[in-house]
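Inspection log for the structure reproduced underneath, given as structure tokens.
We did not get these values from a lab; they are worked out from the coordinates using the rules stated. For clarity, every value in this text was computed on a predicted model and none was experimentally measured. Quick reminder, even Gly has a Cβ in these numbers, built from the backbone with ideal geometry, and neighbours come from all protein chains shown.
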Amino acid sequence: MGLSVQDNQMSFGDTLGLGFMTFAFFLGAGNLIFPPFAGMLAGENMLLAMLGFLITAVGLPLVGLIAVAKAQGKVMAMLPVFAATALAIAIYIIIGPAFAAPRTGLVAYEIGAKPFIDNTTATIMLGSLSLNLSQLIYTLCFFIITMLLALFPGKLLDSVGKVLTPILLLLLVGLAISVLFLPAADVGVAVGDYKHHPLTKGILEGYNTMDTLASLMFGMLIIDLLRKKGIEQPSAQTKYLIRAAFIAAAGLAFVYVSLFFLGATAGDIAAGAKNGGEILTNYVTREFGSLGTVLLSAVVTLACLTTAVGLVSACSEFFNELMPKLSYRFLVVALSAICALIANVGLSQLINISIPVLMAVYPVAIALVAVTFLTEYFPRPQFAHRATLSVALLFGIFDGMKVAAKSLTGEDGRGISEFAQSFIDFVNGMSPTLSILPLYEEGMAWLLPTLVVIVLCLMIRGGGAKAVSAA
């Protein structure tokens with residue numbers, strides 16, 4: 001992106017360009033699969049579920065970017081070096097080889113390849129593992145290409161990104177107009193947790209985008225980019241990062257709202273769908289025919305590829321800085337291989353596996369954003385950061401364990417290993433005590449204890465009023 005900078009000022013067009021680039025960072029094609037599926041399940045409770053989803057999938061990433069701007073990229077400065085490093089490693093693993101990067105290959109397969117494959121049920125046995133043959137071949141090819149592009153980065157990837165983002169945005173605008181004026185069916189009935197707790201379920205569903213975690217990394221990346229382009233003043237960096245954040249948030253909100261409506265009005269199109277990718281593909285095929293399906297699959301595949309290359313490159317650079325003995329090229333090869341391996345658990349399964357981890361880590365990211373905004377009001381900011389994040393992590397782990405135990409139990413409760421049963425019994429034993437906490441049943445037991453700690457940290461040694469006046 002060519003920014004014209006003079007006296008730490010950017011033109012309106014360059015600021016808009018920075019905003020669209022930030023939007024492109026967040027809109028990994030994987031984000032297209034969650035709103036349609038959530039909309040389908042929420043049905044008549046779509047508006048509340050959508051509000052909850054927008055809070056965590058748009059609001060929190062926006063606030064995260066602003067927090068990074070406010071802290072000049074040093075959001076973890078108040079933490080012990082070990083804790084800050086561990087948190088950074090956890091975030092890079094989650095948005096890299098563990099979940100987000102393998103998911104790009106699976107979304108590309110679901111939307112970009114599966115509609116054109118006659119037999120998607122053929123399997124191959126590797127030892128005791130049964131793997132989907134077409135998915136295995138596709139993901140191997142996908143991550144080999146990812147590896148090559150990450151090993152030899154050049155202008156090709158930048159050019160593809162610059163062309164792809166506008167095309168993808170145009171497609172999504174056309175899709176949004178179609179959804180509003182040509183709904184496939186009437187809004188359906190809410191099911192599952194969306195029937196009783198649509199708002200909190202929507203909030204938790206927004207965790208799946210992983211964008212709040214990513215915002216902490218993207219914010220530092222954008223500040224570094226601005227610095228390289230000649231924006232040296234911290235106040236100017238903060239100003240332009242915040243403007244870019246609002247542009248990106250507006251774009252994401254537009255995309256998510258239209259996809260929620262698509263899922264809620266999908267009707268028979270969504271019958272038997274296991275994820276939002278299937279709903280999106282079925283809708284485009286019905287409304288726009290084979291040409292629309294081909295265009296969607298091509299753009300989503302390339303968008304997934306650019307996202308995968310970006311994630312693998314960023315993770316390789318991070319771990320290379322952390323462990324210089326491991327070369328960047330070795331890490332690219334290793335991480336690409338890990339992504340290809342993990343991708344073959346399947347999209348729905350990968351999402352299910354990621355949920356307990358996100359339930360545990362997300363509260364820490366949210367708490368970090370909150371205390372970053374309040375740093376100047378804490379009489380003892382270092383203690384406040386450490387105490388708040390510790391409590392958020394502790395109760396977040398409880399929330400994650402509850403979800404993990406529920407998924408292990410399954411619908412029939414059969415076929416559980418002895419270790420799994422012990423884990424389930426342990427979680428069930430803690431539940432009577434933890435259920436006293438508000439929002440425990442909804443999966444947000446961390447919220448009240450974290451807020452209490454923040455308030456206490458504001459009051460400690462003379463209270464919040466003294467701290468504010470001192471600031």
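What to note about this one:
- Positive-end extreme of charge dipole, the chain - chosen from Gln382, Thr409, Thr301 (charges on Cβ): Gln382
- For Thr123, residues with placed amide H under 5 Å, excluding near neighbours: Leu133
- Taking a ≥ b ≥ c as the square roots of the eigenvalues of the Cα gyration tensor, the stretch 293-418 is oblate, since a/c reaches 1.5 or more and a/b is not larger than b/c.
- Size of electric dipole in the chain: Cβ of Lys, Arg +1 and of Asp, Glu -1, about Cα centre, debye, nearest 20: 1200
- Descending semi-axes in whole angstrom, ellipsoid equivalent of the stretch 183-223, from the Cα gyration tensor: 32, 14, 6
- Per residue, the convex hull around the alpha carbon atoms of the stretch 2-146 comes to 223 Å³.
- Each residue of the stretch 80-138 gets 87 Å³ once the volume of the Cα convex hull is shared out per residue.
- Fraction of the pair-distance distribution of the stretch 63-103 above 11 Å, Cα-Cα pairs, percent: 67
- A run of the chain free of exposed loop cleavage sites, with trypsin sites (Lys or Arg not before Pro) counted only in DSSP states other than H, G, I, E and B and at most 16 other beta carbons within 10 Å, reaches its longest extent at 75-273.
- Relative to the compact-globule estimate of 2.2 N^0.38 Å, the Cα radius of gyration of the stretch 229-283 comes out at 1.84.
- Secondary-structure-derived ellipticity at 222 nm for the chain, considering helices only, amounts to -23500 deg cm²/dmol, per-run term -39500 (n - 2.57) for DSSP H runs with n ≥ 4.
- Applying the Karplus relation 6.51 cos²θ - 1.76 cosθ + 1.60 with θ = phi - 60° to the stretch 65-72 yields 3J(HN,Hα) values of 5, 5, 5, 5, 4, 4, 8, 6 Hz, where x marks Gly and Pro.
- Once each of the GluC sites (Glu not before Pro) sitting in a DSSP loop with at most 13 other beta-carbon atoms within 10 Å is removed, the chain keeps 1-231 as its longest stretch.
- Here the stretch 302-363 is treated as a sphere whose radius is the Kirkwood value from Cα pairs; by Stokes-Einstein at 4 °C and 1.567 mPa s it diffuses with a coefficient of 98 µm²/s.
- Whole-percent pair-distance distribution, where bins are 10 Å wide, for the alpha carbons of the stretch 189-275: 13, 33, 25, 17, 10, 2
- With Cα atoms as the point set, the radius of gyration and Dmax of the chain evaluate to 22.4, 70 Å.
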